[in-house]
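Here the structure comes first, spelled out in structure tokens, and everything after it is commentary.
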Amino acid sequence: MPRPRKNDPTQLLKPLLSDFARSIASAVERMTLDRVREALDGAVTGVGRRAGRPRARRAAVLCYYPGCKNTAAPRFGMFCAAEHKSLSAADKKKYRERHQAAEGAAVANKRTRRG
């Protein structure tokens, strides 16, 4: 076993380092608690939300296939992922045109009722 040194700095450094580590830990804890409180206060008071009435949800777009009530998927050309995503391109084109014609007629019908 080696003899202890006369001028060993460990006895002086250990208390300094432990105090320093304790002060850093308390500062980090304090800052973390402050950030959590700010986040919770913002969530409770509704900071960042739009004033006025709440935003309306978008209407669900249905599959373009006639009679299908499934939700449309833009990834499959506005046909449902459950049944009609695998239609041929020609069939999809035909049903899209039929849907656009029916939609155009509905818009025109709304305009005539208003005016």
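Please treat every number below as a calculation from the coordinates, not as lab data. From a predicted model like this one, the values you see are computed outputs, not experimental measurements. Reconstructed Cβ throughout: ideal geometry from the backbone, glycine too, with neighbour counts over all protein chains shown.
Observations on the model:
- Read-out Cα Rg over 2.2 N^0.38 Å, derived from the coordinates shown; its label in [x] 1.04; [y] 2.54; [z] 1.09: [y]
- Reachable lysines from Lys85, criterion Cα separation under 24 angstrom, eight or more residues apart if same chain: Lys69, Lys93, Lys94
- Distant-in-sequence amide contacts of Ala81, defined by a placed amide H-H separation under 5 Å and a gap of 5 or more residues or a different chain, comprise Ala73.
- Dividing the helix sum by the residues of the chain, where each DSSP H run of 4 or more adds -39500 (n - 2.57), gives a mean residue ellipticity at 222 nm of -19500 deg cm²/dmol.
- Choice from Pro54, Pro66, Pro15 showing the highest fluctuation, given a GNM over the chain with Cα pairs closer than 10 Å: Pro15
- For segment 1-41, the residue among Leu33, Ser23, Met1 whose Cα projects farthest onto the positive side of the dipole built from Cβ charges is Met1.
- Candidates Arg55, Arg22, Arg75: whichever shows maximal mean-square fluctuation once the chain is modelled as a Gaussian network with Cα springs under 10 Å: Arg22
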